[in-house]
1. Can you name the condition, by its number, that residue 175 falls short on among (1) within 11 Å of the ligand (Cβ to nearest atom); (2) surrounded by fewer than 21 Cβ atoms within 10 Å (Cβ to Cβ)?
2. Read through the list (1) crowded, with 24+ Cβ neighbours inside 10 Å; (2) touching a strand residue (DSSP E or B) at 6+ places or on another chain (Cβ under 6 Å); (3) more than 16 Å from residue 282 (Cβ to Cβ), then give the number of the only condition that residue 251 fails.
3. Within the stretch 195-211, does at least one residue satisfy the condition of being closer than 30 Å to residue 179 by Cβ, at pLDDT below 95 and within 15 Å of the chain's Cα centre (by Cα)?
4. Filter the strands (runs of 3 or more DSSP E) completely within the stretch 171-287 down to those with at least 1 residues that are in contact (Cβ under 8 Å) with a residue 12 or more places away in the chain and assigned by TED's automatic domain parsing to the domain that holds residue 333.
5. Consider residue 180 carefully, then state whether it is more than 16 Å from the ligand (Cβ to nearest atom) and under 22 Å from residue 18 (Cβ atoms).
6. Please go through the stretch 135-170 and pick out each residue that is within 15 Å of the ligand (Cβ to nearest atom) and under 20 Å from residue 22 (Cβ atoms).
7. Considering only the stretch 19-105, give the helices (runs of 4 or more DSSP H) lying wholly within it that have at least 3 residues that are surrounded by 24 or more Cβ atoms within 10 Å (Cβ to Cβ) and either at pLDDT 95 or above or within 11 Å of the ligand (Cβ to nearest atom) (or both).
8. Would you call residue 297 in a loop (DSSP other than H, G, I, E, B) and assigned by TED's automatic domain parsing to the domain that holds residue 334?
Ligand SMILES: Cc1cc2nc3c(=O)[nH]c(=O)nc-3n(C[C@H](O)[C@H](O)[C@H](O)COP(=O)(O)O)c2cc1C
């Protein structure tokens, strides 16, 4: 970690971008106000961020702010130091990625025609010649975005391999896409693709069971752990499908997602996927409701006439057992959440479970403890494998836990890191 005081947020959220040098090119759009946040979110995942501003961007956002945000000097003009070569030339210290965010219609047009008359366009020209990946996030009024030549220019950029992160059309504007989407796209682009030849099916979140049309049985799972796992497998190149129960949390833009509600819907979706594609890995991180009402009432139960209500519950089908039946060869990761146990007891139960179930790996965690399990941002888990070997992953963000878990799965699948 750097000793630069301004870089104290480096890798506080994740390590995905450690040792990555990213040049953030900012052009003259009001969305330049999002640039400090983009820079800092990339830094929070470990990146060293260098900023280049066009003269029009300098009128909208101050170079001092961007220097503060990144802890690095800001390029606002090219000098005898040939900053464009330093950042994007063909030499070992060059950037790993050039991100133009926001990208104006003007800059997009210039890139499309190989014109470079601002520090931003010169850096991009140099990067394209050096084979450095370039990603752009357009932002402009919708009237500009409708101009056929602007759209043509965007197509042209795509045709030469530039990644374009489509804007969102809101309030008559083609607004720059959310920072979280930009960060996901950067992380995905720069990740080592060791799982490229694998398909992964991930379940996440709670399921709900209907007592009547307005009342449900569910649990407090947020889906965060499963989404973190799907994000990790996807960024490492695995074709990933996420089947997720009702949840509010944001899902990465590039992951194929199937939304379900009941445990039966989740099972149906899992079966459908397994029957239609050749999945190598199944990760069952969903907190599937264990019981459902034997009868789900078609009309709302009236409390006035029902002073006491007895609901008969029946067990829901075990998804993992179905998965094993359909795909005998698939690698199955199961999750086990337990309440009020010691670590030793939790591990012992997971070992027992592993011997009785079809899983190849069990990820066990406590629930009902602050900072781990359901609805929490962090987790602490024990991974138990078929040889009953136990690996403890101490408390970390769910993204970090996912990274360790998928490293473990990759190792079990015999994936080589290089
Ligand atoms: C307040 C303000 C906001 C602007 N917002 C945008 C914008 O969102 N998108 C865009 O393409 N141009 C926008 N422009 C126009 C550009 O700044 C102008 O085309 C400029 O020449 C772009 O130069 P650059 O691409 O080198 O940064 C804006 C101009 C001003 C003054």
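The values are calculated or read from the model by the stated rules, or taken from the named source; none is laboratory data. Quick caveat, the model's predicted, so the values are computed rather than measured. For neighbour counting, all protein chains shown are included, and Cβ atoms are generated from backbone atoms with ideal geometry for every residue, glycine included.
1. Answer for residue 175: the failing condition is (2).
2. Among (1) crowded, with 24+ Cβ neighbours inside 10 Å; (2) touching a strand residue (DSSP E or B) at 6+ places or on another chain (Cβ under 6 Å); (3) more than 16 Å from residue 282 (Cβ to Cβ), the lone unmet condition for residue 251 is (1).
3. No, every residue in the stretch 195-211 fails to be closer than 30 Å to residue 179 by Cβ, at pLDDT below 95 and within 15 Å of the chain's Cα centre (by Cα).
4. Details: elements: 173-175, 199-204, 239-244, 256-259, 281-284.
In the stretch 171-287, the matching strands (runs of 3 or more DSSP E) lie at 199-204, 239-244, 256-259, 281-284.
5. yes
6. 136, 137, 138, 139, 157, 164, 165
7. Answer list for the stretch 19-105: 35-44.
8. Details: in a loop (DSSP other than H, G, I, E, B): yes; assigned by TED's automatic domain parsing to the domain that holds residue 334: yes.
Yes, satisfied.
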